[in-house]
Amino acid sequence: MYTYHLNKLAEKFAEIRRKDLINTQRKLAKSRECNAYIENQKMILEQKTQEEVNELFTAAMGSTRAPKKTSMKPDYSKYRIVKRSKSSTSSTPTSSSSSSSSSPTSQ
């Protein structure tokens, strides 16, 4: 008779342990889902804040950036292009000075 009551108690304790195990597994699954959801939301928030930071940074850099110097090309339209003749290049002052400098040494 005592063994019957002991067996009944053992069955009840086993059933309670089984229910507790099932409940803890459910809670663990829910907490994992919650943790995964929280991590996902954190990543989304970080991406949004990073995008906002990037936009603010580009806006700030754009407002503080010095204006670009525009390079001005010279206007060659006011100059007139003149072709030189071959005879004018031969009568340069350097050629006449070289001939005059050689003559005093020969005297």
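A compact table of results
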| item | result |
| --- | --- |
| Checking Asn54 against (1) at pLDDT below 80; (2) assigned to a helix (DSSP H, G or I), the condition it does not meet | (1) |
| Verdict on Asn7 being in a helix (DSSP H, G or I), more than 33 Å from the chain's Cα centre (by Cα), surrounded by 10 or more Cβ atoms within 10 Å (Cβ to Cβ) and among the polar types (S, T, N, Q) | yes |
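Residues are listed down the side, and each one gets a yes or a no for (1) modelled with pLDDT of 85 or more; (2) among the polar types (S, T, N, Q):
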residue: Ile16; (1), (2): yes, no
residue: Met43; (1), (2): yes, no
residue: Ala66; (1), (2): no, no
residue: Ser71; (1), (2): no, yes
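The values are calculated or read from the model by the stated rules, or taken from the named source; none is laboratory data. A quick note: this is a predicted structure, and the numbers were derived from the prediction, not measured. With ideal geometry, Cβ positions are generated from the backbone for all residues, glycine too; neighbour counts draw on all protein chains shown.
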